[in-house]
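Following: one structure in C-alpha cells, then a few remarks.
The values are calculated or read from the model by the stated rules, or taken from the named source; none is laboratory data. Keep in mind it's a predicted model, so treat the numbers as computed, not measured. Here the Cβ positions follow ideal geometry from the backbone for every residue, glycine too, while neighbour counts run over all protein chains shown.
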C-alpha cells in the first residue's frame, strides 16, 4: 500500500465516522505525517503524507514537495457537500484562494467567513501554503534556482496531485489578497488557460511602477533576514525576471481572462478606525490603477474594477471583496 493510499484510507475512516468530534485545534501536520513516507511518490512527484480533519468541511493535507527541497508543507481544503476522495468519478470545480505576505494557509478560514459561505458548497476551495514571503514564485537564488519553487509546487505538483487523488477538476479559478492577489494574476497570466478567472484584492499589481514600489517589495523580499535579490534578482540587472512576474507587463496574457481588481486608497474607510492611514494600500492602489489602465489599453474586455477609494490593508475589506467577486468567479466555473 502506498503512502497516498494509506492517508486516503485514513481520511475515509475519519469522513465516514457517524459521530465526529472536532478537535479544538489542529495537531502539527509534521507530527501527523507517517514515518513510512519516504522521499516522494513515483517519478519524484509531490506526495500527501498526512491528513488532518479540522472542521466539518475543512481538511488539511500535509504535502511533501520536491519543488520545495523535499520539505513538507500544509494545504487546506474547504470541501464541497458530498466530497469523497475515494470516488474516482468526482470532479469538483475548484477555487484556489491564496494568502498574503506574513500569513499562511489558515489565513482565509481564520479571518473570514469563507467556510460559512453557502455559494461555495458546490466548490472545492484550495488554500495552499505559500511561505511567509514566498511571492508565488520559483526563486532565482542568484541563478541557481531550486528551493523554494512555490510556482512549480502550486501549478504543477499540487495541481496534479489534487486532480488525480482528491476530487479536483480542471475547471479552476484563482483569487488572492495582497501578495496572493499578485500571485493570482501571475498564475492566470503565466499559465494561460489554467484558470478561467482571476481576482486580486489589494494586490501588488505593478511592483516595477516606480522606486517607491520597488523599494517596498524589496523590503518584503528581505523579510526574516533573506537577501531580497534571492527572489527575482536585482530590479535593474535582472529586470526581465521582474517583468516576467509583474502583472502590468503580463497584461496581454490576461486579455481574454475575466479579471477582478479591487483596492482601497490607504485613507480611513467605512471599515477602519477613524483617522487610519496605510501607505502600503496607497501604493497598491497606484499599482492597480496602472494595471487597470494597461488592461484597457491592450483590449481586455472582461475586467471588473472596484478601486473603492477610502480603505486600508485590512481583512474586513478582503472578505467583502471576496463576496463581491464570487459571482464572477463562480460564473466562470459555471456554478451559481
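Quick one: would you say residue 307 is within 19 Å of residue 199 (Cβ to Cβ), modelled with pLDDT of 95 or more and part of a strand (DSSP E or B)? Write out each step before concluding.
Values: within 19 Å of residue 199 (Cβ to Cβ): yes; modelled with pLDDT of 95 or more: yes; part of a strand (DSSP E or B): yes.
Considered against the rule, which asks whether it is within 19 Å of residue 199 (Cβ to Cβ), modelled with pLDDT of 95 or more and part of a strand (DSSP E or B), residue 307 comes out as yes.
State the number of residues belonging to segment 92-126 that are more than 17 Å from residue 178 (Cβ to Cβ) and within 11 Å of the chain's Cα centre (by Cα).
So the answer is 3.
Under the condition of being touching a strand residue (DSSP E or B) at 6+ places or on another chain (Cβ under 9 Å) and over 16 Å from residue 322 (Cβ atoms), which residue from segment 196-211 is surrounded by the fewest Cβ atoms within 10 Å (Cβ to Cβ)?
So in segment 196-211, the residues touching a strand residue (DSSP E or B) at 6+ places or on another chain (Cβ under 9 Å) come out as 196-203, 205.
Now restrict to residues that are over 16 Å from residue 322 (Cβ atoms): 196, 205.
On the way: 196: 19, 205: 28.
Restricting to residues being touching a strand residue (DSSP E or B) at 6+ places or on another chain (Cβ under 9 Å) and over 16 Å from residue 322 (Cβ atoms), the top hit is 196.
Within segment 140-153, track down each residue that is in contact with a strand residue (DSSP E or B) (Cβ under 7 Å, 6 or more places away or on another chain) and either surrounded by fewer than 23 Cβ atoms within 10 Å (Cβ to Cβ) or assigned to a loop (DSSP other than H, G, I, E, B) (or both).
The answer is 145, 149, 151, 152.
So which residues in segment 216-234 are part of a helix (DSSP H, G or I), modelled with pLDDT under 95 and either surrounded by 14 or more Cβ atoms within 10 Å (Cβ to Cβ) or on the phi < 0 side of the Ramachandran plot (or both)? Can you show your working first?
Taking segment 216-234 as the starting set, the residues that turn out to be part of a helix (DSSP H, G or I) are 216-221, 223-225, 229-232.
Keeping just the survivors that are modelled with pLDDT under 95 gives 223-225.
Result: 223, single match.
Being more than 21 Å from residue 133 (Cβ to Cβ) and either touching a residue at least 12 places away in the same chain (Cβ under 8 Å) or buried (at least 24 other Cβ atoms within 10 Å of the Cβ) (or both) is true for just one of 260, 248. Which residue is that? Even if it seems obvious, please write down each step before you answer.
Numbers: 248 fails: more than 21 Å from residue 133 (Cβ to Cβ).
Answer to the check: 260.
Going by what's in this entry, would residue 296 be described as surrounded by fewer than 17 Cβ atoms within 10 Å (Cβ to Cβ), under 21 Å from residue 188 (Cα atoms), in contact (Cβ under 8 Å) with a residue 24 or more places away in the chain and out of contact with any helix residue (DSSP H, G or I) (no Cβ under 6 Å at 6 or more places or on another chain)? I'd like the intermediate steps shown before the answer.
Details: surrounded by fewer than 17 Cβ atoms within 10 Å (Cβ to Cβ): yes; under 21 Å from residue 188 (Cα atoms): yes; in contact (Cβ under 8 Å) with a residue 24 or more places away in the chain: no; out of contact with any helix residue (DSSP H, G or I) (no Cβ under 6 Å at 6 or more places or on another chain): yes.
No.
Going residue by residue through segment 172-194, is there one that turns out to be crowded, with 24+ Cβ neighbours inside 10 Å, outside any helix (DSSP H, G or I) and out of contact with any helix residue (DSSP H, G or I) (no Cβ under 6 Å at 6 or more places or on another chain)?
yes
May I ask you to list the residues in segment 53-91 that are more than 16 Å from the chain's Cα centre (by Cα), surrounded by fewer than 23 Cβ atoms within 10 Å (Cβ to Cβ) and assigned to a strand (DSSP E or B)?
53, 58, 59, 71, 72
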